[in-house]
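Remarks on the structure that follows.
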């Protein structure tokens, strides 16, 4: 993957700031069908696997799941955009692609990334 927008349908929210898919549209009638994980850029959600943040982490994951369900509009794709940010790799240390996620049908709507921060389910965080 490179610094372009790709259409995809998430298969699940791993947690509030990580999505998984098994199909990404590469264009020209080509697709990647490996399990691919996306880490949402510019934010950090509470961890659902830590006792102290479990409730907040599960709430963030639920918010992400609900946002996805609301914006898929009956099977339409979402868009993931990898970011050409200086000194930021396309993938993090866990192999997740660092992206912003938008609604394909309404690209003018706020991204999932900004909605998580705006609605208090995440805090701004710059990945380096």
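The values are calculated or read from the model by the stated rules, or taken from the named source; none is laboratory data. The structure displayed is predicted, hence computed values, not measured ones. Heads up, the Cβs are rebuilt from the backbone with ideal geometry, glycines too, and the neighbour counts pull from every protein chain shown.
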Matching option when the condition is modelled with pLDDT of 90 or more, within 16 Å of the chain's Cα centre (by Cα) and under 14 Å from residue 5 (Cβ atoms), among 101, 79, 123: 101
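Would you confirm whether or not region 48-68 contains a residue that is surrounded by 13 or more Cβ atoms within 10 Å (Cβ to Cβ), in a loop (DSSP other than H, G, I, E, B) and at pLDDT 90 or above?
Yes; the residues of region 48-68 include at least one that is surrounded by 13 or more Cβ atoms within 10 Å (Cβ to Cβ), in a loop (DSSP other than H, G, I, E, B) and at pLDDT 90 or above.
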